[in-house]
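Student: Below is the structure I would like to discuss, written out as structure tokens.
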Amino acid sequence: MNTFRVLKTAVTDVAATSTAQPGATTAARTGVLNLSKGFTVQTPNFLAPTSRGVVPHLSPDNLERNTGVEGVFVALEDFIEKSPQRIPPLYTYPSTLRSFISLPASTFLLLSPRRSPNITCPKANSDINLSILTSVGFRDLPIKDYVSAVIRLEPDIVLGVSDIANTVSPGKNRVQKMANRTEKWLDELLGKVYAGGEDSTDGKGDTPKKLPAVFAPILPLEKERQRFYLNHLVENIEKLSGLVFTTIESVDVVPEELAGLPKLQSDVVGGPHQVLEMVGRGVDLFNVGFVGIMTDAGIALHFKFSADDEVVKTDGDKLELATDMWDARFATDVSPLEDGCDCYTCKTHHRAYIRHCLEAKEMTAWVLLQIHNLKVVERFFGNVRRSIEEGWWERGRSGFEVKYKRDMPVGTGLGPRLRGYQYKSVGGEGKLNEPAYRSLDSGDEDGL
Amino acid sequence: MVSLLKLAKITEEGVRFLSPHDGSPMLLTPEHSMSLQNSIGSDIMMQLDDVIATTSPDKERMVEAMHRSVRWLDRCIEAHKYPEKQNLFCIIQGGLDLDLRRTCVKEMVKRDTPGIAIGGLSGGEEKAKYCAVVRTCTEMLPDMKPRYVMGVGYPEDLIVSVALGADMFDCVWPTRTARFGNAVTSRGTLNLRHASYAADFSPVDEDCGCPCCRSEENGGLGVTKAYIHHLTGKETAGAHILTMHNVYYLLDLMRNARQAIIADNYPSFVKEFFGKIYRYDKAEYPVWAVDALQTVGIDLTEA
């Protein structure tokens with residue numbers, strides 16, 4: 001059985017809320033999500049996004065030994081190719097997805113049809129197909145393939161497929177279709193997951209099969225425009241283990257009856273302020289896309305969620321959330337990325353070394369940054385949970401707001417090579433990375 | 001200075017090139033090279049040498065490079081600040097000309113450096129000529145000094161060079177080839193990017209004890225060829241995993257070579273090594289290896 005229990009909801013401190021947006025900070029809660037496959041997840045918590053089954057820059061042993069990542073967000077589109085045309089090897093793999101990607105046994109796996117955030121496909125979805133982007137181009141993913149993959153691959157959590165229009169403002173008919181298809185696709189998934197009901201066994205005697213937790217998508221639409229779909233969710237609440245969103249606003253359309261389900265935000269690219277706003281609205285799980293974006297840019301995170309009483313700062317002297325490690329001022333700085341940090345990177349290396357590795361475009365730079373950045377986020381969520389349990393959430397939240405700048409720094413250096421599924425070229429662009437070495441004879445030798 | 005030779009200009013003073021960081025002109029002299037290595041504090045330091053490709057037809061330039069390397073060695077020894085705690089290795093040059101090599105060995109051995117490197121090789125020369133140079137040098141070198149053949153890393157080259165009397169090697173190939181998706185195994189090198197591995201769910205090397213190949217039950221990652229195929233060229237973690245395997249394989253190969261020498265059965269170790277790669281099909285054995293091993297009394301052709 002997959003269960004979720006809310007442990008505590010944040011108490012609203014009247015003095016503090018007077019300065020905050022009304023209603024925005026009252027729903028923060030801690031909870032515990034028990035997954036049928038044996039994982040216990042304290043919430044609010046985060047999942048690390050993966051690319052082709054790995055948390056970028058981290059081999060599975062590094063993930064296990066040097067991070068506290070409890071769960072990963074894996075997309076089926078990363079395992080299917082447009083060409084060669086053949087049955088995706090993953091479908092013929094005799095074991096589970098977890099085993100295929102050598103995921104540490106202590107990490108839970110969430111399966112989604114698409115990456116998050118993902119590249120919008122030019123071709124619209126159809127009644128039976130979802131448009132996806134593979135490493136070599138766009139193609140269709142038949143919904144029935146996704147549904148049967150879920151059974152074979154045994155994820156711990158599986159997301160329902162949502163039909164998101166590939167235009168910015170879909171028309172009335174398209175919106176109706178979005179809700180209808182999402183509902184139909186969810187039913188297909190639930191039908192397959194619960195086929196045989198509670199009687200089904202895993203072939204080892206009469207042990208009930210450990211079913212994945214199904215999270216139903218909430219569409220990025222106003223409440224009224226997905227009313228029938230939401231009602232359908234309420235009717236099927238027994239079969240649902242959670243809800244998944246792509247926009248902040250969608251949180252507010254959740255009907256009262258579904259409020260007890262864990263809520264996952266699958267697309268967090270804005271940073272910690274965005275996370276806190278969503279925790280305040282009662283979101284429990286976060287797929288933290290911003291961590292990888294910062295790591296790729298060579299930026300080290302160093303924000304802390306704490307109960308410290310800070311003097312309100314003016315915009316000018318608010319603290320940075322993170323620092324660009326490409327900056328030349330770190331060339332001889334032998335202090336750790338963050339003072340007092342107990343992550344592998346900070347215990348073993350210093351800023352000058354990381355900056356040197358970036359400058360040399362050595363892969364180790366991004367490995368070390370990813371380990372540190374994930375640790376910062378792990379501590380952040382740990383403190384958010386503690387603040388709710390100990391009753392200082394509101395103080396911590398408003399303190400964070402006045403203490404830190406709103407935006408993440410913008411990267412100045414070169415990232416690792418960008419790939420097609422991360423970046424869509426528009427044609428006519430110059431080279432992103434210039435060659436480092438130049439010929440001595442090419443006219444640059446005036447100084448010699 | 002063999003790497004990126006086209007981008008540099010060599011004079012008696014040193015090597016001129018443009019900084020890869022900001023394009024500014026740089027001059028690397030033997031003295032500056034020593035000062036850098038002294039401040040790095042490496043246990044082994046390498047002299048600055050003048051190297052040209054062994055395949056160059058310019059005999060005169062080859063002679064000049066060899067003599068200059070000897071002169072630069074003297075300047076390096078002179079400039080080396082911590083001979084008591086850092087070991088400076090000379091680098092024998094002379095291309096594929098065995099007489100030039102002999103002259104260089106004689107001159108450099110006189111300087112009595114703590115270790116001796118054989119340089120300039122592994123630049124695309126014929127394997128038979130490579131073996132002749134290594135053998136010519138090792139025959140003349142003192143027994144009690146480490147002999148380091150620079151730039152060598154193919155498993156066959158390592159095993160043959162050890163037989164010819166070399167002790168140490170360095171090479172970018174095992175890790176670089178891992179980044180390209182090539183696995184070095186006891187059955188030869190496998191290009192895991194090939195489509196035939198897409199659905200191959202066996203470990204990279206069945207006989208390997210590295211963290212990547214060991215099964216999860218045995219505390220490893222249980223990575224399959226198919227998963228490396230899936231990651232290669234797309235996610236760097238694939239390069240990390242395969243690098244772990246390739247480095248482990250080579251370290252393990254050399255560990256086994258040492259044990260075989262100590263146990264006095266290196267010849268049978270060599271035979272088993274080649275047998276496994278070429279499925280004991282003697283017609284497939286590379287001629288250069290058979291010939292080179294013959295010169296030191298290892299006969300690959302006998303049962």
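Student: Quick one: helix B:236-262 against the long Cα principal axis of chain B, what's the angle to the nearest 10°, folded into 0 to 90?
Tutor: The two axes meet at around 80 degrees.
Student: Now a separate question. Give or take rounding to whole Å, what are the principal axis extents of the alpha carbon atoms in region A:299-403, in descending order?
Tutor: 46, 30, 18
Student: Just the number, please: percent antiparallel of the DSSP beta bridges in the protein assembly as shown, rounded to the nearest 5.
Tutor: Beta bridges within the protein assembly as shown, antiparallel portion: roughly 45 percent.
Student: If the only charges are +1 at each Lys and Arg Cβ and -1 at each Asp and Glu Cβ, what is the size of the charge dipole of the protein assembly as shown around the Cα centre, to the nearest 20 debye?
Tutor: With Lys and Arg at +1 and Asp and Glu at -1, about 1120 debye.
Student: What is the average number of partner chain Cβ atoms found within 10 Å of a Cβ in A:401-414?
Tutor: 0
Student: Can I ask one more? At what distance in nm do the modelled label points of B:M144 and B:S35 sit from each other, each positioned 7 Å from its Cα along Cα→Cβ?
Tutor: About 3.6 nm, to one decimal.
Student: Over region A:299-403, what is the mean sequence separation of C-alpha contacts under 8 Å (at least six apart), divided by residue count, expressed as relative contact order in percent?
Tutor: 39
Student: On alpha carbon coordinates alone, what is the Rg over Rh value for region A:32-111, Rh being the Kirkwood radius?
Tutor: Looking at region A:32-111, the ratio lands at 1.00.
Student: Within a 10 angstrom radius of each residue's Cβ in A:53-59, how many Cβ atoms of other chains show up on average? Whole number is fine.
Tutor: Other-chain Cβ atoms within 10 Å of each residue's Cβ, averaged: 6.
Student: Give the residue from A:Y344, A:F381, A:M325 lying farthest towards the positive end of the charge dipole for region A:299-403; charges sit on Cβ (+1 for Lys and Arg, -1 for Asp and Glu) and the dipole is referred to the Cα centre.
Tutor: A:Y344
Student: Roughly how big is chain A's charge dipole about its Cα centre, with Cβ charges of +1 (Lys, Arg) and -1 (Asp, Glu), in debye to the nearest 20?
Tutor: 960
Student: So if we plug the beta-carbon distance of A:K172 and A:T247 into 1/(1 + (r/R0)^6) with R0 = 25 Å, what FRET efficiency do we get, rounded to 0.05?
Tutor: My answer for the efficiency is 0.80.
Student: Order A:214-227, B:19-32 from most to least packed using the mean count of other Cβ atoms within 10 Å.
Tutor: With the highest mean Cβ count within 10 Å placed first, the list reads A:214-227, B:19-32.
Student: Residue-wise, which Karplus ³J(HN,Hα) couplings in Hz belong to region A:32-49, taking 6.51 cos²θ - 1.76 cosθ + 1.60, θ = phi - 60°, and x for glycine or proline?
Tutor: Values per residue, Gly and Pro as x: 9, 9, 9, 9, 4, 8, x, 9, 10, 10, 7, 10, x, 8, 10, 10, 8, x Hz.
Student: Okay, moving on. Would you mind calculating the relative contact order of chain B from Cα pairs under 8 angstrom and at least 6 residues apart, reporting the percent as a whole number?
Tutor: 11
Student: Rounded to a whole number, what is D in µm²/s for chain A from Stokes-Einstein with the Kirkwood radius over alpha-carbon pairs (25 °C, 0.890 mPa s)?
Tutor: Estimated diffusion coefficient is 105 µm²/s.
Student: Multiply the residue separation of B:D170 and B:T55 by 0.36 nm, subtract the distance between their alpha-carbon atoms, and state the gained length in nm to one decimal.
Tutor: Net length gain for the segment: 39.3 nm.
Student: A follow-up question, please. Working only with C-alpha atoms, what are the Rg and Dmax values of region B:1-138, expressed in angstrom?
Tutor: According to the Cα coordinates of region B:1-138, Rg and Dmax are 14.9, 43 Å.
Student: Also, I was wondering about something else. Kirkwood Rh, the protein assembly as shown, all Cα pairs: how many Å?
Tutor: By the Kirkwood definition, the hydrodynamic radius is 29.7 Å.
Student: Please give the peptides B:82-91, B:290-299 ranked by average Cβ packing (other Cβ atoms within 10 Å per residue), highest first, as a rough proxy for protection.
Tutor: Sorting B:82-91, B:290-299 by mean packing, highest first, produces B:82-91, B:290-299.
Student: Next up: Looking at chain B, which Cys residues are left with no other cysteine's beta carbon under 4.7 Å from theirs?
Tutor: Those would be B:C76, B:C90, B:C104, B:C131, B:C137, B:C171, B:C210, B:C212, since no other cysteine Cβ in chain B comes under 4.7 Å of theirs.
Student: What is the calculated FRET efficiency for B:D207 to B:I261, with r their C-beta to C-beta distance and R₀ = 25 Å, to the nearest 0.05?
Tutor: Using R0 = 25 Å, I get an efficiency of 0.75.
Student: Now for a different question. Counting only other chains, and only Cβ atoms inside 10 Å, what mean value do you get across the residues of B:218-231?
Tutor: Partner-chain Cβ atoms within 10 Å, mean over residues of B:218-231: 4.
Student: Distance in nm between label sites at B:K85 and A:K210, each 7 Å beyond Cα in the beta-carbon direction?
Tutor: So the label points at B:K85 and A:K210 sit 5.5 nm apart.
Student: On to the next question. Considering region B:95-147, what Rg and Dmax in Å follow from its alpha-carbon atoms?
Tutor: 10.9, 31
Student: A further question on this structure: Peptides B:124-137, A:269-282, A:44-57, B:261-274: what's the order by average Cβ count within 10 Å, highest mean first?
Tutor: Result, highest mean Cβ count within 10 Å first: A:44-57, A:269-282, B:124-137, B:261-274.
Student: Hey, if you drop one equal point scatterer on each alpha-carbon of region A:241-337 and run the Debye formula without solvent, what base-10 log of I(q)/I(0) do you get at q = 0.13, 0.17, 0.21 Å⁻¹?
Tutor: -0.63, -0.90, -1.10
Student: Add +1 for every Lys or Arg and -1 for every Asp or Glu among the other residues with Cβ under 10 Å from the Cβ of B:K276, and state the total.
Tutor: +1
Student: Okay, moving on. Which of A:C121, A:T247, A:I151 sits closest to the plus end of the dipole of chain A, meaning its Cα is farthest towards the positive end, when Lys and Arg get +1 and Asp and Glu get -1 on the C-beta?
Tutor: Selected residue: A:I151.
Student: Convex hull over the alpha-carbon atoms of chain B: what's its volume per residue in Å³?
Tutor: Dividing the Cα hull volume of chain B by its residue count gives 170 Å³.
Student: Counting only complete DSSP H runs, which helices of chain A cover 27 Å or more along their long axis at the Cα atoms and score a mean Kyte-Doolittle of -1.0 or above?
Tutor: TM-like helix candidates: A:364-390.
Student: Any chance you could list the semi-axes, whole Å, largest first, of the equivalent ellipsoid that the Cα gyration tensor gives for region A:28-163, using √(5λ)?
Tutor: With the √(5λ) rule applied to region A:28-163, the semi-axes are 26, 17, 15 Å.
Student: While we're here: log10 I(q)/I(0), Debye, Cα-only region B:239-279, no solvent, q = 0.15, 0.19, 0.31, 0.33 Å⁻¹?
Tutor: Per q value, in the given order, log10 I(q)/I(0) is -0.44, -0.63, -0.96, -1.00.
Student: Grab every C-alpha pair in region B:176-273, bin the distances at 10 angstrom width from 0 up to the longest one, and report whole percents.
Tutor: 17, 46, 26, 11, 1
Only the coordinates and a few stated rules stand behind these numbers; no lab work does. For clarity, every value in this text was computed on a predicted model and none was experimentally measured. Ideal geometry is used to build each Cβ from the backbone, glycine not excepted, and the neighbour counts take in all protein chains shown.
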